[in-house]
1. Just grab the label-to-label distance for GLU229 and LEU11, each label 7 Å out from Cα along the Cβ direction, in nm (one decimal).
2. In Å and on Cα atoms, what radius of gyration and Dmax does segment 1-61 show?
3. With a cut-off of 8 Å between alpha carbons and a minimum separation of six or more residues, what is the relative contact order of segment 1-77 in percent?
4. Leaving out ligands and nucleic acids, and using a 1.4 Å probe, what accessible area per residue does segment 146-202 come to in Å²?
5. Suppose R0 equals 30 Å; then what is the FRET efficiency for ILE33 and ARG130 from their Cβ-Cβ distance, rounded to the nearest 0.05?
6. Lys and Arg at +1, Asp and Glu at -1: add these up for the other residues within a Cβ distance under 15 Å of LYS4 and post the number.
7. Return one quarter of the surface area of the convex hull spanned by the alpha-carbon atoms of the chain, equal to its mean projected area, in nm².
8. So what's the net charge close to SER131: Lys and Arg +1, Asp and Glu -1, counting the other residues with Cβ under 13 Å from its Cβ?
Amino acid sequence: MSKKANPLHYLRAVFYYLGFYPLTIVHATLSLIISPLLNFQQRFKFVTLINYFYIFWLKLCCGVGVKITGRENLPTDGAYVVVANHQSEWETLFLQTLVRPQCTVLKKELLKIPFFGWALGLLNPIAIDRSQRRGALKQLLTEGKSRLEDDIPVIIFPQGTRVPVGKMGKFNKGGAMLALSAGVPVIPMIHDAGLYWPGKSFVKIPGTVQVHVGEPIPVEGRTVDEIHEDMVAWLEEHMKALEIA
């Protein structure tokens, strides 16, 4: 169930954005200047430093914290494909602090957002044109495999778009296809950030976002359908357990 906002929550959100926007502009500008001098690993670390501030500032101003269960399931070496539910702008900020480095599959319109999107573009995301479905899948498999061969994990939101709390949405097979083609495991992950930071919402509701990381799903000797079925079964089970679908 979605949480109810009150006037104090709106006021706290104002303070959050009074810190968010000015620092984003400054840090993005520095990132654009400094990044050409850095390799990808160094660039990722520098550009995403501000994400730690975002999460800290969100807790301080709006009372939104985070608890992670299953962090030990993230491989410590080698590449993998993360499949996560898509519910809130929060995951865009937080997941870059949890999986480092990473390549995110996102809609290309995000890269046009002044400062925030420009800095995001420095991280070599796979920017998909969702109106070109066949071309988007080919791009995902080609660019995704290239990133994985460089030992960079790829994060995919298989629901394709943000799905409100209370709805499951449909999970596409792109993550399973990419993992199988590259021979890397799938790491399923869910969160309930939509309860505290609903998609496209200004207001934030105090509480603790729950993040659950599942055990790696192997791909060796399996079909896309088998991998996808295991992935969806895990995501659906844990989303229902958190009462967000």
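The values are calculated or read from the model by the stated rules, or taken from the named source; none is laboratory data. Only a predicted model underlies this, so the values are computations on that prediction, with no experimental measurement involved. Cβ: placed from backbone, ideal geometry, glycine included. Neighbour counts: every protein chain shown. Keep in mind that these areas ignore ligands, DNA and RNA; they rest on the heavy atoms of the full protein, side chains included. Shrake-Rupley method; radii C 1.70, N 1.55, O 1.52, S 1.80 Å.
1. Going by the 7 Å Cα→Cβ label model, 5.5 nm.
2. Every Cα atom of segment 1-61 included, Rg and Dmax give 15.2, 47 Å.
3. For segment 1-77, the relative contact order is 39 percent.
4. 38 Å²
5. It comes to 0.45.
6. +3
7. For the Cα atoms of the chain, the hull's average projected area reads 12.5 nm².
8. Once all neighbours under 13 Å are counted, the net charge is +3.
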